[in-house]
Amino acid sequence: MRILLLIPFVLVSCGLQAPSTCPAGIVTGMISIESARIAGANASLPTVYIRNVVKDGQPVTPLQATGLEGSAGGTVSGIRVEADRLVCDLACRFGQPGRYTFDVSAPGAAAQSVAVNIPGRNAGGCGGITTGTPVTVNLTFQPDQASRAVRDSN
């Protein structure tokens, strides 16, 4: 029993720290895409596709964009990785605090670029958890060229 009590003392005296029991990481689910529609259409789009995600000036993989890596809580929902893109079944939640740009598309809609900024802040507590204020995105797409041509010819 004496040896176990000396381990933290030995670690500190050697310049090492005992493992923390406090959680650390980043809260995820900061970007919420709530709705999507095509201008002039009454119906909502059930799914959008997200590609070319850049976070804090650096391109990230679709998996990194979800925010699941290094997560210390929050909710990721309605989102899945499919090849080179994220598939967002509305409403979906993903991402961690940071500056994002990404391209969003949907069938019959012209792709558009979206920019979102979620400043990070310390959530308090002993673990150094970073959180932010979630951002809600509601998308309105323009019809793609093929859809416009069909509509204009009728």
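Values in this text are rule-based calculations from the coordinates and carry no lab data. On a predicted model such as this, the values are computed, not experimentally measured, just so you know. Cβ atoms come from the backbone with ideal geometry, glycine included; neighbour counts cover every protein chain shown.
What the table below lists for this structure:
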read-out	value
Gain in span if fully extended, Ala110 to Gln142, counting 0.36 nm per residue against the direct Cα distance	11.0 nm
Full-extension gain in nm, Asp56 to Glu34, via 0.36 nm per residue minus C-alpha separation	5.6 nm
Net charge over other residues, Cβ less than 9 angstrom from the Cβ of Gly98 (K, R count +1; D, E count -1)	+1
For Asp144, distant residues with modelled amide H under 5 Å away	Ala109, Ala110
The range 25-67: relative contact order as a whole-number percent, Cα under 8 Å and 6+ apart	30 percent
Range of Cα positions in the range 71-130 per principal axis (Å), largest first	48, 20, 20
